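Take a look at the structure below.
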Amino acid sequence: MSNHPPTDPTKMGIGRSIAVLTSGGDAQGMNAAVRATVRVGLYTGAKVYFVHEGYQGLVDGGENIRPATWESVSMMLQLGGTVIGSARCQDFRVREGRMKAACNLVKLGITNLCVIGGDGSLTGANQFRTEWSGLLADLVRAGKITQEEAKKSSHLNIVGMVGSIDNDFCGTDMTIGTDSALHRIIEVVDAITTTAQSLTDLYYQNFALKDKSIFFHQRTFILEVMGRHCGYLALVTALACGADWVFIPEMPPDDGWEEHLCRRLADQRARGSRLNVIIVAEGAMSRAGKPISSEDIKKLVTDRLGFDTRTTILGHVQRGGTPSAFDRILGSRMGVEAVMALLEATPDTPACVVSLSGNQAVRLPLMECVQVTKDVTAAMAEGKYDEAIKLRGKSFENNWNTYKLLAHINPPDVKSNINMAILNIGAPCAGMNAAVRAAVRMGLIQGHTMLAVHDGFDGLAHGQVEPINWTAVSGWTGKGGSMLGTKRTLPAEILEEISQNIAKFNIHALVIIGGFEAYVGGLQLVQAREKYEEMCIPMVVIPATVSNNVPGSDFSIGADTALNTITSTCDRIKQSAAGTKRRVFIVETMGGYCGYLATMAGLAAGADAAYIYEDKFNIKDLEVNVQHLLQKMKTTVKRGLILRNENCNANYTTDFIFNLYSEEGKGVFDCRKNVLGHMQQGGTPTPFDRNFGTKMGTKSVLWLTDKLKECYRHGRIFANTQDSACVLGMKKRSLTFQPLAELNGETDFEHRIPKTQWWLKIRPIMKILAKYNIKLDTSEHADMEHVIKKRTPLTK
């Protein structure tokens, strides 16, 4: 990020024209990107055009290239696929076709092109840009365009956004559509596994049979997911459902994998697991380069083990359905960044892709990304699989390492004599159980004894502590709420009892998973170290709360699930007015004093306003919002959506705002109100929360294991330094540990929120997309970064 002299963003695009097209395979979230590009383009004063049917529309011209209006992108956000159409185009591959496309753009005065597609589509766009002056010269010679027209359109700017469900483009953490595809896959995995899992639970509750197979059916499920050249979907699915094995193209299994796989499945059965899950990417292959299909694996498992085995090939289900909240926000943020990148580009700027790294918008040179993407394929072809995984990027590498840690190692025979306790604090949220499961299994792999504490600090004070084993946490990744049980009680009043039980159960380290109470509770334990020596043990707080209000982390486990619940509810609410017209909905969201859910759901659901505590508002602002809606009702878009965070203002309550809008909108629109309540804390966790929880649980235990080695002196553990009690959080682009004591000064304890929150910078985007004429701060924007990673040459 760097600072530039501020320019007036509402005048940046005057006299300029932007065209937007979607190309290649469709992906959920493309419509959000198109919508944002159109609306931000219009906001800057530019003319914006749709190119229908991808590059084919660019070549054919005519009705395929049409002006876009503000209203023409309304109600697009929740639609899957791409509304403006996409096509594989042979004509654009030849120079003659590209000449026709150039002619069509010149005639309309379009010199800025925004392409949403995969690496093939983006490479084609770059070639078009490189040839542009040559194409124009040929068109002038052929008399198709005048010298004057060629001069006006002398340079073509290109910006790409990557829309691909495979997440196969290097340089970006997530491509548009990947998260939604994971939602579809996990829905199927959950549907397949629920029957088996519920029978397992029944067995544990009611029976103690030695030979379980006498009583219950056992099954192996093989699920084939998309990913011809990239195993991202398969890998994250395996992490999110705790699969027994995953096959991905980047890392073929070692020779002799057949024996290893059968041994693993047999071991899991022997441990009492009645359900085996194997995930296969469609491009999976052996070290010899021979494809491994789901049918091959089924035959192997059936023939060698005699297990009842079923295969499911998901196919195009993964491309379908409504986009997830993440993909809508990603598409919207990328659309804003793409327009800015186009309007700030010069003839010397290389064609770029806008992308997301952590929660940061970044611009990357298009051809560098394409080159690294090609390097992955080359590394795989040369058998350099470790390099292929590294080239895929940090996010992919972390997922692979986490999967290997949790799936491929059996607990050691030699114990470490370490007892590690895990507890949940505060309100339950989706993803907590995934973190507990990962922490338990990672601890057992390290040789530790893992202790489950029921009902939070209360349970720790009352001795509700028991050992927890490998199979006890089977199937937990997909379960909502808190299986351990959780309470809001803080330790300050019960420190004496807690210290006695830490000594009684010989607890050497604590994993505290929860929201703001977990953070405050951790701080209270650290402050109690002066008085109670038992508190001098390493501890880590993992933020898990729908409110996303824990200092030290940009994201909390559970917030993504809540966000998707709110977004899908808002979709339904908006849809309910499709026939009625002229209706405004006031929706109250949770979050305490933190406006994260209201703001992000506002962006994902296309709200007209989101009232939050952090962004102060008064009666004049409410009046402006009402006037804005009165104007909106005069257009073809006759629906309004207002979100209100539950604690945004003590006097401007949901009822007050509802009454105000009802009164002021009389005769023009009517109002309805919805308080969403506790549905936001429930539900099965989203793929993001399962994966995030798994990575956080794993990393916390590895960190505690290292800390325990540091703190071990004279035959006992003694930890009283600040860095021995940390919050594990996602900060910008990586998972980091920050001492609780350091975060003290960064916290507004009265309102239970961090003093600085990254997402507040995104709020103006929501207002611009809702057609408010506000100023977007352009002084700080994403500079061009570089992704070139040196490949090691192939040695003979």
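Within the stretch 448-492, the set of residues being in a helix (DSSP H, G or I) and either open to solvent by 50 Å² or more (accessible area, probe 1.4 Å) or of a type outside the set (Ser, Thr, Tyr) (or both) comprises Gly456, Phe457, Asp458, Gly459, Leu460, Ala461, Ala472, Val473, Trp476, Gly478, Pro491, Ala492.
Residues to consider are Arg733, Arg716; find the one that is closer than 16 Å to Ser553 by Cα and either open to solvent by 70 Å² or more (accessible area, probe 1.4 Å) or β-branched (Val, Ile, Thr) (or both). Don't jump to the end; show me each part of the working.
Details: Arg716 fails: closer than 16 Å to Ser553 by Cα.
Sole residue among the options that is closer than 16 Å to Ser553 by Cα and either open to solvent by 70 Å² or more (accessible area, probe 1.4 Å) or β-branched (Val, Ile, Thr) (or both): Arg733.
I need the full set of residues from the stretch 142-190 which are assigned to a helix (DSSP H, G or I), more than 28 Å from Asp327 (Cα to Cα) and open to solvent by less than 20 Å² (accessible area, probe 1.4 Å), in order please. Break it down stepwise before answering.
Let us first name the residues in the stretch 142-190 that are assigned to a helix (DSSP H, G or I), namely 147-152, 178-190.
When the remaining residues are screened for being more than 28 Å from Asp327 (Cα to Cα), the result is 147-152.
Passing the criteria: only Ala150.
Go through the stretch 553-599 and give me each residue that's acidic (Asp, Glu), surrounded by fewer than 22 Cβ atoms within 10 Å (Cβ to Cβ) and in contact with a Ser or Thr (Cβ under 9 Å, 6 or more places away or on another chain). Asp571 - this is the single residue of the stretch 553-599 that is acidic (Asp, Glu), surrounded by fewer than 22 Cβ atoms within 10 Å (Cβ to Cβ) and in contact with a Ser or Thr (Cβ under 9 Å, 6 or more places away or on another chain).
Return yes or no: is Asn424 polar (S, T, N, Q), under 22 Å from Leu702 (Cα atoms), open to solvent by 20 Å² or more (accessible area, probe 1.4 Å) and under 24 Å from the mean Cα position of the chain (by Cα)? Spell out the reasoning first.
Numbers: polar (S, T, N, Q): yes; under 22 Å from Leu702 (Cα atoms): yes; open to solvent by 20 Å² or more (accessible area, probe 1.4 Å): no; under 24 Å from the mean Cα position of the chain (by Cα): yes.
Considered against the rule, which asks whether it is polar (S, T, N, Q), under 22 Å from Leu702 (Cα atoms), open to solvent by 20 Å² or more (accessible area, probe 1.4 Å) and under 24 Å from the mean Cα position of the chain (by Cα), Asn424 comes out as no.
Here Asp168, Asp173 are screened, and the one residue that is at pLDDT below 95, touching a strand residue (DSSP E or B) at 6+ places or on another chain (Cβ under 6 Å), charged (D, E, K, R) and within 30 Å of Leu391 (Cβ to Cβ) is Asp173. What is the number of the single condition among (1) under 27 Å from the mean Cα position of the chain (by Cα); (2) open to solvent by less than 50 Å² (accessible area, probe 1.4 Å); (3) of a type in the set (A, V, I, L, M) that Val48 does not meet? Here Val48 clears every test but (1).
Yes/no per residue for (1) under 30 Å from Gln631 (Cβ atoms); (2) touching a Cys at 6+ places or on another chain (Cβ under 9 Å); (3) in a loop (DSSP other than H, G, I, E, B):
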position: Gly57; (1), (2), (3): no, yes, no
position: Glu63; (1), (2), (3): no, no, no
position: Met76; (1), (2), (3): yes, no, yes
position: Thr82; (1), (2), (3): yes, no, yes
position: Ala87; (1), (2), (3): no, no, yes
position: Glu96; (1), (2), (3): no, no, no
position: Met99; (1), (2), (3): no, no, no
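Could you please let me know if Val188 is at pLDDT 95 or above, farther than 30 Å from Leu113 by Cβ and within 26 Å of the chain's Cα centre (by Cα)?
Working: at pLDDT 95 or above: no; farther than 30 Å from Leu113 by Cβ: yes; within 26 Å of the chain's Cα centre (by Cα): yes.
Considered against the rule, which asks whether it is at pLDDT 95 or above, farther than 30 Å from Leu113 by Cβ and within 26 Å of the chain's Cα centre (by Cα), Val188 comes out as no.
Here Gly120 meets the list (1) surrounded by 20 or more Cβ atoms within 10 Å (Cβ to Cβ); (2) within 20 Å of Gly81 (Cβ to Cβ) almost entirely, failing just condition (1). Scanning the stretch 32-45 finds no residues that are touching a His at 6+ places or on another chain (Cβ under 7 Å) and either crowded, with 24+ Cβ neighbours inside 10 Å or modelled with pLDDT of 95 or more (or both). Applying the condition of being within 27 Å of the chain's Cα centre (by Cα) and of a type in the set (Asp, Glu) to the stretch 249-290 and asking which residue is least open to solvent (accessible area, probe 1.4 Å) yields Glu250. Taken together, Val353, Val301 contain a single residue that is of a type in the set (A, V, I, L, M, F, W, C), touching a residue at least 40 places away in the same chain (Cβ under 8 Å) and not in a helix (DSSP H, G or I), which is Val353. If the condition is being in a helix (DSSP H, G or I), open to solvent by less than 20 Å² (accessible area, probe 1.4 Å) and under 22 Å from Gln524 (Cα atoms), then the stretch 736-765 contributes Leu740, Leu743.
Okay, residues lined up against (1) more than 25 Å from the chain's Cα centre (by Cα); (2) at negative phi:
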position	(1), (2)
Asp8	yes, yes
Ser23	no, yes
Arg35	no, yes
Val38	no, yes
Thr44	yes, yes
Arg66	yes, yes
Ser74	no, yes
Gly81	no, no
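I'd like the full set of residues that are touching a strand residue (DSSP E or B) at 6+ places or on another chain (Cβ under 8 Å), in a loop (DSSP other than H, G, I, E, B) and in contact (Cβ under 8 Å) with a residue 60 or more places away in the chain, limited to the stretch 639-675. Steps first, answer last, please.
Narrowing the stretch 639-675 to residues touching a strand residue (DSSP E or B) at 6+ places or on another chain (Cβ under 8 Å): 639-646, 648-649, 652, 654-655, 657-658, 661-662, 665, 669-675.
Now drop any that are not in a loop (DSSP other than H, G, I, E, B), which leaves 646, 648-649, 652, 665, 669.
The answer is Gly665, Phe669.
What number of residues within the stretch 336-356 are open to solvent by 20 Å² or more (accessible area, probe 1.4 Å) and of a type in the set (Gly, Ala, Ser)? Of the residues in that region, 1 qualify. Does Ser121 qualify as being within 24 Å of Thr346 (Cα to Cα), out of contact with any His (no Cβ under 7 Å at 6 or more places or on another chain), hydroxyl-bearing (Ser, Thr, Tyr) and not in a helix (DSSP H, G or I)? No: the conditions fail for Ser121. All told, Cys114 meets the bar of being at pLDDT 95 or above and not in a helix (DSSP H, G or I). Quick check, is Pro291 without any contact (Cβ under 8 Å) to a residue 24 or more places away in the chain, out of contact with any Lys or Arg (no Cβ under 8 Å at 6 or more places or on another chain) and closer than 30 Å to Gly81 by Cβ? Answer is yes for this residue.
The values are calculated or read from the model by the stated rules, or taken from the named source; none is laboratory data. The model shown is predicted, which means the values in this text are computed figures rather than measured ones. Note that we place each Cβ from the backbone using ideal geometry, even for glycine, and neighbour counts take in every protein chain shown. Just so you know, the surface numbers come from the protein's heavy atoms only, side chains and all, with ligands and any DNA or RNA stripped out. Shrake-Rupley method; radii C 1.70, N 1.55, O 1.52, S 1.80 Å.
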